[in-house]
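The values are calculated or read from the model by the stated rules, or taken from the named source; none is laboratory data. This one's a predicted model, so the numbers in the text were calculated from it and none came from an experiment. Cβ: placed from backbone, ideal geometry, glycine included. Neighbour counts: every protein chain shown.
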Amino acid sequence: MDAGANGYSENIRRAVTALQNGEMILLFDLEGREAETDFTIPATAVKPSDVRWMRNDAGGLICVALDPDASEKLGLPLMADIIREANRSNSALSRIVEKSGDLKYDSRSSFSIWVNHRDTRTGIPDNDRTLTINKLGEVVKNTLDGENIHFGNEFRTPGHVATLRAAKGLVHERMGQTELSITLAKIAGITPAMVVCEMLDDETGNALEKKDAEQYGNDHNLVFVEGEEVVEAYEIWLSSQPQKKN
Ligand SMILES: O=C(CO)[C@H](O)[C@H](O)COP(=O)(O)O
Ligand SMILES: [Mg+2]
Ligand SMILES: [Mg+2]
């Protein structure tokens, strides 16, 4: 992709190139939302050393954000919808499931189900999580290529990798790293299955401050992208797409 010709910023072009090369980037959502920075890397490119890097240097939850159309085709609902459905026969669950207003930073979470690939053993070692993550990327790609994939043939739940279902409208609908990372994958033209893992501060236990995450990026030569930049690039990308015939 010759991003320059399309008017993308230098930083977005660097982020897109890094993702196309299967490299890690740092992705900040928004002040006033979570104000968190996530390690972010294409699921198809993840190696065990990347899982080790995320659990040591980021420290948050290692999740895989999935394209909305692929999630639909694979039958991956939001966890909250599963719980609401289940509570028809178990009213205790209805008091647990997230409700509007529960999250101070968004109207809802993006969690779908937690899975292990069926060829993993316990599911948590770096090699196991890498296999699950790579295979999630593979099934998203194959599903979007038109293959009829039976998700349960390859994965079991509960498991140790949380999947996140991106909103259909991507960043027009929701501004979490779930949608931001999938939007970047679309712009980069890579498989829209993206691993995200929050950066936590070892001193405070809180989310790492944005300035410290930026410093980490400088120290480790990682591109640092903010949600607002992704939204801007998405509008440019949309305008470059062939208009859908009605
Ligand atoms: O909560 C999360 C999953 O562990 C992380 O914040 C991750 O960034 C994805 O969630 P969101 O799209 O809400 O930002
Ligand atoms: Mg979160
Ligand atoms: Mg987040």
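For E203, the stated conditions hold: it is acidic (D, E) and farther than 21 Å from V64 by Cα. Checking each residue in the range 42-90 for being within 13 Å of ligand 1 (Cβ to nearest atom), within 19 Å of K168 (Cβ to Cβ), surrounded by fewer than 22 Cβ atoms within 10 Å (Cβ to Cβ) and touching a residue at least 40 places away in the same chain (Cβ under 8 Å) picks out P68, L78. Only one of the listed residues (S71, S100) is more than 16 Å from ligand 3 (Cβ to nearest atom) and modelled with pLDDT under 95. That residue is S100. Being in contact (Cβ under 8 Å) with a residue 40 or more places away in the chain and surrounded by fewer than 20 Cβ atoms within 10 Å (Cβ to Cβ) is a property that D202 has. The residue that is farthest from L61 (Cα to Cα), among those in the range 121-131 that are out of contact with any Gly (no Cβ under 8 Å at 6 or more places or on another chain) and part of a loop (DSSP other than H, G, I, E, B), is R121.
Filtering the range 99-118 to residues that are away from ligand 2 (no atom under 12 Å from the Cβ) and out of contact with any Leu (no Cβ under 8 Å at 6 or more places or on another chain) leaves K99, S100, G101, D102, S107, W114, N116, R118. Residues that are part of a helix (DSSP H, G or I), surrounded by 19 or more Cβ atoms within 10 Å (Cβ to Cβ) and on the phi > 0 side of the Ramachandran plot do occur in the range 166-173.
Scanning the range 15-36 for residues that are under 20 Å from D57 (Cβ atoms) and either more than 9 Å from ligand 1 (Cβ to nearest atom) or modelled with pLDDT under 95 (or both) gives A15, A18, L19, N21, G22, E23, M24, I25, L26, F28, A35.
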